[in-house]
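Before I ask anything, here is the structure I am working with.
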Amino acid sequence: MPSVHLAAPQRVRVPTGPRPWAVARAWCIVHVGQSAIILSAGSDDAAARLMALTSRRRGLVAGGVCVPDDDDFGALARRLGATTGSAALDVNLDAWSAIPAAAIATVDLQIGPIAVRPEAVELFTALLRAENGAAPAGAAMDPRPVRALAGPLSRAALARDDRRIARLLSRLVGVGPGATPAGDDVIVGVLAGLDAAAGSLVDEAVTRVARDALGARLRPLLARTTAIARHDLTAALAGQYAEHVQRTVAALADPAAVPAAVAAARGWGATSGIDLATGTSSALARLLRRPDHQAPSTPDPEHRRSA
Amino acid sequence: MSSPDTETLQAKVFPRLYRDSVALMALASSIEKREGVVRAGAVMATPGNLEILGRSAMLPPDLTAAPDDLVLVVRAQDEQTASDALEAATAGLTATEQSGGPREEVAPQTVREGLAAAADATLVTVSTPGPYAPAVVESALRRGLHVFCFSDNVPLADEVRLKRLAVDRRLLLMGPDCGTAILDGVPLGFANVVHPGPVAIVAASGTGAQEVSCLLDDAGTGISQLIGVGGRDLSADVGGLMTELALDLVATDDASEIVVLVSKPPAPEVADRLLARLAGLGKPVVACLLGAEDADGPVVVRGTLEGGAAAAAALAGTPLAIADVAVDEDAAAPLSGGVLGLYTGGTLASETKVVLGRAGVPAEVLDLGDDEYTAGRPHPMIDPSARVDRVARAGADPDVALVLVDLVLGHGASPDPATPLAEAVRGARGAAAADGRELVVAGSVCGTAADPQDIEAQRRILREAGVVLYPSNAAAARYAVVRATGSLPTDPTLLHRQETA
């Protein structure tokens, strides 16, 4: 198969762990977008690994590479975009192994701990309720029925009601509009909400039990959704979230930041941002109703590091 | 009308095709808008989605697809409509695929992002709120890009600083507050659809340039370049920095055989230097300086837009013919009150002031597109509602007997500016009549036959509401003079004259 060799960007940001480009020798082009390029290591395998090369505006996503220089990203998009639609090509990233360590910034994509404030959650929930008042204009499929399952899923997970979790996940995984179907975004949002609350609103053991219960029922269903959604769900189960998810969750420590966070979520894809935010708000709202929820605590600033 | 029994359902599967959700949404929406299409969907073919399609009778029984496949489904009134819709949708997807980079996602938010998406771009248009514009303009200039700056309310000091920077780099900074430009046939801002031709226009006024270019188009000639420089460029503070650069460029442009400068009255010290520059340009030049005395020296000077257009049309060998206002009994009937001008075009308002002022007709003439009226709201050429209110108020004001208006068409302007204005005119005239008065409304439509709004339809809407229309703004102003004084202006510079080369 012919190959296209991609020159290395000047600077990159990557998640902590192995360099994403080093996990495979050859990549296939899945999509070339204005702010994201999706590559796949493997072909039809449901477990094929994806790597998203994203622009500064999109931010780093789990298992991806953020190319913060717009010129660099534009050059990559043009190089790969010119090949899209032609015969299948391997994308060769061998040159990227020469990116100097000083040009690689690593980012911890785990959430937390965050001093989630109940009043921020209440505002977040109220704003999202308003968003859900009407179907998104022009949406190919109304995402609100799957968003409505976010609350029941959170409740079932916190109660470790496995049968109910399974039933709800079957109605969420791979369901809804978008290349990451809305139901999958809702699930990622619920997991993000649980992780945000861990050690802040409730004891970490509470959320760990809930996410374990979700994970056990979710993994067997991953083949029912798209590769990109599968990638996001797998990352969320491992506690990894894209930077834009992290920014949304971080706003829950400050009510003043919540309106901007909802506005930003409105801009992710056609419905994905609000789908995901609805999942997060539902999980947090359920946690706040628990008698054992705690007063906000101050997070340890050393916990999350970037280099 | 079709029923579910007679409708047809067709689907197409695109194996392993990923498109972002915004693109899918736009695609489904565009399919559904097609005539005869009952319902459409563009979703990833996950088992969950296929089940939902099935429950809503949108899943063909023989469809086979995998979760990473994109499926388009169309329910339509007949086979052909469904087939055509799928074909169009396929073409849309293919176009995106072959574009070498998606164009469906969010537009670039910065100059850097814009250049990343279009590295060969040579010009940036800036229409941010005024206080933010200087930073964007400077960013573009420092990257070697020409700038079309639509933003208004930009501080004067910033304009001077940035224009000096642009001149140093031989780059155009059109604006701030630049309404229109046409560069190598590409319209920017509020531009009319004019024929290409030998006349280059350098304009310190947006609607002035539009009026001149439309009158030239009407005369049968056309435009090579139209370079806007912003309304303050010929002020003493800015000193004509960009006008001089624009003149340099059209002087060396082979397609530009005749040069027209359009401006509101420039600062005297700037005007003198400018006229000297124009005289040495090496091409026939018409200086259309509103309010100036007409002169026929090395530089042809005209004091109205109409006069400037007529002189340039004559130089191009296609004389402009505008019928004079007839002074008949009806036209000469005395007005019961004063004249009020409600303009969306600033230079059109200025031209009216010149005509009325020289004829000694007192009037209040408002430029509703001025910064004073537009801070925080759209220009009235985009959103006609601000003027509608004022027209309505004029109907209840016994001191107003004649209202002069303009209607500006072209790219960027409201898709149907005539209808709200006509409704307001009807209301105002009705209110005045109920009070025993006559309210006369007169004006002109600035546009061409090729403009997207359909100029004849726009004129018809206004005439049916009782608006007296003339082929130029100056002619409408002359009508106001006739109604206010009983005769045409005596100043010959205010009369349309048949110019010859």
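The values are calculated or read from the model by the stated rules, or taken from the named source; none is laboratory data. Remember, it's a predicted structure, so these values are computed and weren't measured experimentally. Cβ sites come from the backbone with ideal geometry, for glycine too, and all protein chains shown count toward neighbours. Heavy atoms of the whole protein, side chains included, go into the accessibility calculation; ligands, DNA and RNA do not. Shrake-Rupley method; radii C 1.70, N 1.55, O 1.52, S 1.80 Å.
Looking only at residues that are part of a loop (DSSP other than H, G, I, E, B) and among the small types (Gly, Ala, Ser) in the stretch B:121-132, which one is modelled with the lowest pLDDT? Please lay out each step first, then the result.
Just the residues of the stretch B:121-132 that are part of a loop (DSSP other than H, G, I, E, B), to begin with: B:121-122, B:127-129.
Now drop any that are not among the small types (Gly, Ala, Ser), which leaves B:121, B:127.
Details: B:ALA121: 87, B:SER127: 81.
In this case the residue turns out to be B:SER127.
Here is a follow-up. Take A:ARG171 and decide whether it is within 14 Å of chain B (Cβ to nearest Cβ) and over 21 Å from the mean Cα position of the chain (by Cα).
Values: within 14 Å of chain B (Cβ to nearest Cβ): yes; over 21 Å from the mean Cα position of the chain (by Cα): no.
No: the conditions fail for A:ARG171.
Out of all the residues in the stretch B:196-207, which are touching a helix residue (DSSP H, G or I) at 6+ places or on another chain (Cβ under 6 Å) and either at positive phi or at pLDDT 95 or above (or both)?
B:VAL199, B:ALA200, B:ILE201, B:VAL202, B:ALA203
On to the next question. From the list B:VAL301, B:VAL325, which one is crowded, with 20+ Cβ neighbours inside 10 Å and either at pLDDT 95 or above or under 23 Å from B:THR221 (Cβ atoms) (or both)?
B:VAL301
Within the stretch A:42-75, track down each residue that is at pLDDT 85 or above, surrounded by fewer than 21 Cβ atoms within 10 Å (Cβ to Cβ) and more than 9 Å from chain B (Cβ to nearest Cβ).
A:GLY59, A:PRO68, listed by residue number.
From (1) of a type outside the set (Val, Ile, Thr); (2) within 14 Å of chain B (Cβ to nearest Cβ); (3) over 11 Å from the mean Cα position of the chain (by Cα), pick out the condition that doesn't hold for A:HIS231.
Condition not satisfied by A:HIS231: (3).
Continuing with this model, one more query. Among residues belonging to the stretch B:42-71 that are hydroxyl-bearing (Ser, Thr, Tyr) and open to solvent by 30 Å² or more (accessible area, probe 1.4 Å), point out the one that is farthest from the other protein chains (Cβ to nearest Cβ).
Among those that are hydroxyl-bearing (Ser, Thr, Tyr) and open to solvent by 30 Å² or more (accessible area, probe 1.4 Å), it is B:THR64.
Is it fair to say A:LEU218 is assigned to a helix (DSSP H, G or I), more than 20 Å from A:GLN246 (Cβ to Cβ) and open to solvent by less than 10 Å² (accessible area, probe 1.4 Å)?
Working: assigned to a helix (DSSP H, G or I): yes; more than 20 Å from A:GLN246 (Cβ to Cβ): yes; open to solvent by less than 10 Å² (accessible area, probe 1.4 Å): yes.
In short, yes.
Yes or no, residue by residue, for (1) farther than 21 Å from B:ALA349 by Cα; (2) at pLDDT 90 or above:
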site	(1), (2)
B:VAL425	no, yes
B:ARG437	yes, yes
B:VAL441	no, yes
B:GLN458	no, yes
B:TYR479	no, yes
B:ASP491	no, no
B:LEU495	no, no
B:THR500	yes, no
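Hey, does the stretch B:171-186 have a residue that's in a strand (DSSP E or B), touching a residue at least 24 places away in the same chain (Cβ under 8 Å), closer than 19 Å to B:GLY130 by Cα and over 17 Å from the mean Cα position of the chain (by Cα)?
Looking through the stretch B:171-186, at least one residue is in a strand (DSSP E or B), touching a residue at least 24 places away in the same chain (Cβ under 8 Å), closer than 19 Å to B:GLY130 by Cα and over 17 Å from the mean Cα position of the chain (by Cα).
Could you tell me how many of the residues in the stretch A:208-228 are away from chain B (no Cβ under 14 Å) and touching a residue at least 24 places away in the same chain (Cβ under 8 Å)? Lay out the reasoning, then the answer.
Here is the first cut: in the stretch A:208-228, the ones away from chain B (no Cβ under 14 Å) are A:208-217, A:219.
Applying the additional criterion that residues be touching a residue at least 24 places away in the same chain (Cβ under 8 Å) yields A:209-211, A:213-214, A:216-217.
Of the residues in that region, 7 qualify.
Moving to a separate point now. Those residues that are within 23 Å of B:THR485 (Cα to Cα) and part of a helix (DSSP H, G or I), I need them from the stretch B:392-419; list them, please.
Of all residues in the stretch B:392-419, those within 23 Å of B:THR485 (Cα to Cα) come to B:394-395, B:397-406.
Scanning the stretch B:392-419 gives B:ALA394, B:GLY395.
Answer with yes or no whether A:GLY199 is open to solvent by 10 Å² or more (accessible area, probe 1.4 Å), over 15 Å from the mean Cα position of the chain (by Cα) and on the phi > 0 side of the Ramachandran plot.
On the way: open to solvent by 10 Å² or more (accessible area, probe 1.4 Å): yes; over 15 Å from the mean Cα position of the chain (by Cα): yes; on the phi > 0 side of the Ramachandran plot: yes.
Taking the combined requirement at face value, the residue satisfies it.
Collect the residues in the stretch B:133-153 that are open to solvent by less than 40 Å² (accessible area, probe 1.4 Å) and part of a helix (DSSP H, G or I), keeping them in residue-number order.
Residues satisfying the conditions are B:ALA133, B:PRO134, B:VAL137, B:SER139, B:ALA140, B:LEU141.
Further, regarding this structure: Taking the residues in the stretch A:269-307 that are surrounded by fewer than 24 Cβ atoms within 10 Å (Cβ to Cβ) and of a type in the set (D, E, K, R) as candidates, determine which candidate is modelled with the highest pLDDT.
Ranking the candidates gives A:ARG289 first.
A follow-up question, please. Name the one entry in B:ALA91, B:ALA157, B:ALA118, B:ALA85 that is open to solvent by less than 30 Å² (accessible area, probe 1.4 Å) and modelled with pLDDT of 75 or more.
Numbers: B:ALA91 fails: open to solvent by less than 30 Å² (accessible area, probe 1.4 Å); B:ALA157 fails: open to solvent by less than 30 Å² (accessible area, probe 1.4 Å); B:ALA118 fails: open to solvent by less than 30 Å² (accessible area, probe 1.4 Å).
Result: B:ALA85 is the single residue among B:ALA91, B:ALA157, B:ALA118, B:ALA85 that is open to solvent by less than 30 Å² (accessible area, probe 1.4 Å) and modelled with pLDDT of 75 or more.
If only one of B:LEU226, B:LEU278, B:LEU216 is open to solvent by less than 10 Å² (accessible area, probe 1.4 Å) and modelled with pLDDT under 95, which one is it?
Going through B:LEU226, B:LEU278, B:LEU216 in turn, just one is open to solvent by less than 10 Å² (accessible area, probe 1.4 Å) and modelled with pLDDT under 95: B:LEU278.
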